[in-house]
1. Rounded, prolate or oblate: which fits segment 56-181, taking a ≥ b ≥ c as square roots of the Cα gyration tensor eigenvalues, rounded meaning a/c under 1.5, else prolate when a/b beats b/c?
2. Using θ = phi - 60° and the Karplus form 6.51 cos²θ - 1.76 cosθ + 1.60, what ³J(HN,Hα) does each residue of segment 191-207 get, whole Hz, x for Gly and Pro?
3. Could you go through segment 146-156 in sequence order and give the Karplus-derived ³J(HN,Hα) for each residue, using 6.51 cos²θ - 1.76 cosθ + 1.60 with θ = phi - 60°, rounded to whole Hz, and x for Gly and Pro?
4. Not counting ligands, DNA or RNA, and with a 1.4 Å probe, what is Arg193's accessible surface area in Å² rounded to the nearest 10?
5. Tell me the label-point distance for the pair Val174, Glu129, using the 7 Å Cα-to-Cβ offset, in nm and rounded to one decimal.
6. Each residue of segment 82-99 in turn: what ³J(HN,Hα) in whole Hz from Karplus with 6.51, -1.76, 1.60 and θ = phi - 60°, glycine and Pro shown as x?
7. Taking the highest mean first, how do the peptides 119-125, 129-135 order by number of other beta carbon atoms within 10 angstrom per residue?
8. Using alpha-carbon pairs under 8 Å, 6+ residues apart, how would you state the relative contact order of segment 68-192 in percent?
Amino acid sequence: MSCTPASRRIVLKSILQTGFTLSAANSIANATVGAQDEQKSENIVPPKFNGDETVAYWPGNSIICHIDKKSSAFMALLDIHRRLVHDGVTHRVAALPPASYHMTVFNGISYPERRTKFPTDIPRDASEEFCNQWFLEKLKKFDLGCDLPFRMHAMPLALQTNPYNILLEPIDAVENKKIRTLRDRLAKVLNYRLADHDAYRFHITLNYFYSKMDRDEEQRHLKLHQELAAEFLARV
């Protein structure tokens, strides 16, 4: 599975243009939502979807790579999407639209989490627009410093335990060094290094949840997720 390159400059331009607009759940779902009250607790991470099945207000930015829509991986993901919509616990599972399928290369600022995760050179009360432009200015002269595409494959089925995602890993040590080095350079230029930076697990997010499942629903969904992950591994 890979991200198809054109040239470093064109690809970087594409990453910058899409990564800062598609990473927020409200943008992914093409929904227009009004601002909500500021998060009252520093220890509670707000959901990306509400219990009434509406999209939560979750602005943010990230650097991402879309899954090639002509690839076998994308075709397999389309079938996974259909299963999630029709066979899943539909009143709990918010299946993401296929147009949003991507792998995050580098997590940017998530504004609902700004109290605990924020660059040290930006005021914590800075506006969303200011933060986006701050990052963009830093990235204007940034060179990827590596050849694309990023070559990834799904992790073994026994490790596919996250009910949100298909977990990925680089295909070999060379590819791992390439993408990890890029992430290190991005962290340095953006002055933004999260706690899980070194251990970050690449993934394709399939769904979120509208609300907490009961035990039976949870077991049903985990069973379905394992079936879908196995199908993905077999096909891609």
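1. It is oblate, given that a/c is not under 1.5 and a/b is not larger than b/c.
2. The phi angles translate into 6, 8, 10, 6, 4, 9, 3, 6, 9, 4, 9, 5, 6, 10, 7, 9, 7 Hz.
3. The phi angles translate into 7, 8, 8, x, 7, 9, 10, 9, 6, 5, x Hz.
4. Solvent-accessible area, nearest 10 Å²: 130 Å².
5. Result: 4.7 nm between the two label points.
6. Karplus values, whole Hz, x for Gly and Pro: 4, 5, 4, 6, 9, 9, x, 7, 5, 7, 10, 8, 9, 6, 6, x, x, 4.
7. Peptide ranking by packing, descending: 129-135, 119-125.
8. After rounding, I find 23 percent.
The values are calculated or read from the model by the stated rules, or taken from the named source; none is laboratory data. Quick caveat, the model's predicted, so the values are computed rather than measured. Ideal geometry is used to build each Cβ from the backbone, glycine not excepted, and the neighbour counts take in all protein chains shown. Note: areas computed on protein heavy atoms with side chains; ligands, DNA, RNA excluded. Shrake-Rupley method; radii C 1.70, N 1.55, O 1.52, S 1.80 Å.
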